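Undergrad: Following this message is one structure expressed as structure tokens.
The values are calculated or read from the model by the stated rules, or taken from the named source; none is laboratory data. Computed from a predicted structure; not experimentally measured. Cβ coordinates were reconstructed from backbone atoms using ideal geometry, including for glycine residues, and neighbour counts include every protein chain displayed. Only protein heavy atoms, including side chains, enter the accessible area calculation; ligands, DNA and RNA are left aside. Shrake-Rupley method; radii C 1.70, N 1.55, O 1.52, S 1.80 Å.
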Amino acid sequence: METSNGGKPKYNFLFVSYDGLIGDIAWLMIKEGHDVRYSIENPDDQEVGAGFVPMVKDWKKHVDWADVIVFDDVLGMGKEAQKLR
């Protein structure tokens with residue numbers, strides 16, 4: 001496994017949100033040395049976090065890349081998470 005600063009494991013995190021509610025956690029993971037991709041479903045909120053966190057439009061195309069997928073459980077995201085389990 002690849003390591004980040006300090007010899008800690010480095011993970012690929014995929015953050016999936018409807019309204020852009022988990023950008024702060026995604027940014028924290030970047031600061032800790034992890035690779036992050038962030039997808040926001042609501043077109044009105046897709047710029048939340050842009051410039052701080054790498055954004056992707058279709059999160060489903062990045063599932064195989066991710067070691068960890070984080071959903072905010074808003075408006076049905078819990079159902080998407082359950083499908084992946």
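Undergrad: Considering only the stretch 26-55, how many residues are of a type in the set (A, V, I, L, M, F, W, C) and within 12 Å of Phe13 (Cβ to Cβ)?
TA: 7
Undergrad: Another question, if that's okay. Restricted to the stretch 32-85, and to residues that are of a type in the set (A, V, I, L, M) and part of a helix (DSSP H, G or I), which residue is most open to solvent (accessible area, probe 1.4 Å)?
TA: Leu84
Undergrad: Here is a follow-up. With the condition kept exactly as written, say whether any residue in the stretch 8-21 is without any contact (Cβ under 8 Å) to a residue 60 or more places away in the chain, over 21 Å from Glu80 (Cβ atoms), surrounded by fewer than 17 Cβ atoms within 10 Å (Cβ to Cβ) and of a type in the set (A, V, I, L, M).
TA: No, that holds for no residue.
Undergrad: Of the residues in the stretch 22-46, how many are farther than 14 Å from Ile69 by Cα and either in contact (Cβ under 8 Å) with a residue 60 or more places away in the chain or β-branched (Val, Ile, Thr) (or both)?
TA: 1
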